[in-house]
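Participant: Have a look at this one.
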Amino acid sequence: MSKALSMDLRERVLGAIAAGASCREAAARFGVSAASAIRWRQRQKAQGTARPGPLGGDRRSQHMEGHAETILGLLKARPDATLAELQAALAERGVAASSSGLWRFFQRRRITLKKSRPMRTSRTAPTS
C-alpha cells in the first residue's frame with residue numbers, strides 16, 4: 001500500500017508556490033508529481049492545511065449505513081428474505097445496493113440470514 005509523502009516536503013512545495021512558482025515548477029523542483037502539488041494546494045486552500053487524509057479502510061460501507069433503518073426494517077418485516085429479495089425491495093425504494101454490499105452490512109452487525117428447515121430432523125433416519 002502506498003504511503004503519504006511527508007509534511008516537510010509538502011510544506012516546502014507549498015512554500016515555493018507561495019513564493020511565486022507555479023505548481024508544476026515547484027513539483028519539478030522537489031521531485032513530486034504536478035498532480036500532487038496541485039492537490040496539496042487545493043487542500044491547503046479548502047482546509048487550511050495540506051495534511052494527508054486517512055489511507056485505507058472501508059470507503060463503501062457509508063452508503064449502506066445511510067440506509068440502515070430501511071434495510072433493518074425490511075428484514076424485520078420479512079426475516080426469511082434472501083439477499084436478492086432484499087436487494088430487489090431496496091431497488092423499489094430507489095436504493096442501489098449490491099448483494100455483496102448487503103452481505104457486508106449484515107456481517108458488520110453479526111446478523112446471519114439462514115433459512116429454517118422445512119421439517120424437523122428425524123430421530124431415526126436422515127431426511128435429506
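The values are calculated or read from the model by the stated rules, or taken from the named source; none is laboratory data. Since the structure is predicted, the reported quantities are computational estimates derived from the model, not experimental observations. Cβ atoms come from the backbone with ideal geometry, glycine included; neighbour counts cover every protein chain shown. The accessibility values were calculated without ligands, DNA or RNA, using every heavy atom of the protein model including side chains. Shrake-Rupley method; radii C 1.70, N 1.55, O 1.52, S 1.80 Å.
Participant: Give me the pairs: first residue in the stretch 14-41 and under 21 Å from residue 3 (Cα atoms), second residue open to solvent by 50 Å² or more (accessible area, probe 1.4 Å) and among the hydroxyl-bearing types (Ser, Thr, Tyr), beta-carbon distance under 8 Å, and six or more apart or on different chains, which are they?
Facilitator: Within 8 Å, the pairs are 27/33.
Participant: Would you pick out the residues in the stretch 66-99 that are of a type in the set (A, V, I, L, M, F, W, C), over 14 Å from residue 111 (Cα atoms) and outside any helix (DSSP H, G or I)?
Facilitator: 95, 96, 97
Participant: Could I ask something else about it? Given (1) polar (S, T, N, Q); (2) over 30 Å from residue 90 (Cβ atoms); (3) assigned to a helix (DSSP H, G or I), identify the lone condition not met by residue 62.
Facilitator: (2)
Participant: May I ask you to list the residues in the stretch 42-63 that are among the hydrophobic types (A, V, I, L, M, F, W, C) and either within 14 Å of residue 9 (Cα to Cα) or touching a residue at least 40 places away in the same chain (Cβ under 8 Å) (or both)?
Facilitator: Taking the stretch 42-63 as the starting set, the residues that turn out to be among the hydrophobic types (A, V, I, L, M, F, W, C) are 46, 50, 55.
Passing the criteria: 50, 55.
Participant: Picking from 50, 37, which residue would you name as being of a type in the set (A, V, I, L, M, F, W, C), surrounded by 10 or more Cβ atoms within 10 Å (Cβ to Cβ) and part of a loop (DSSP other than H, G, I, E, B)?
Facilitator: Residue meeting the stated conditions: 50.
Participant: Cβ-Cβ distance below 8 Å, separation of 6 or more or different chains: which pairs start in the stretch 93-110 with a residue that is among the polar types (S, T, N, Q) and end on one that is in a helix (DSSP H, G or I) and surrounded by 10 or more Cβ atoms within 10 Å (Cβ to Cβ)?
Facilitator: Once the first residue is among the polar types (S, T, N, Q) and sits in the stretch 93-110, its partners that are in a helix (DSSP H, G or I) and surrounded by 10 or more Cβ atoms within 10 Å (Cβ to Cβ) give 98/87; 99/83; 99/84; 99/87.
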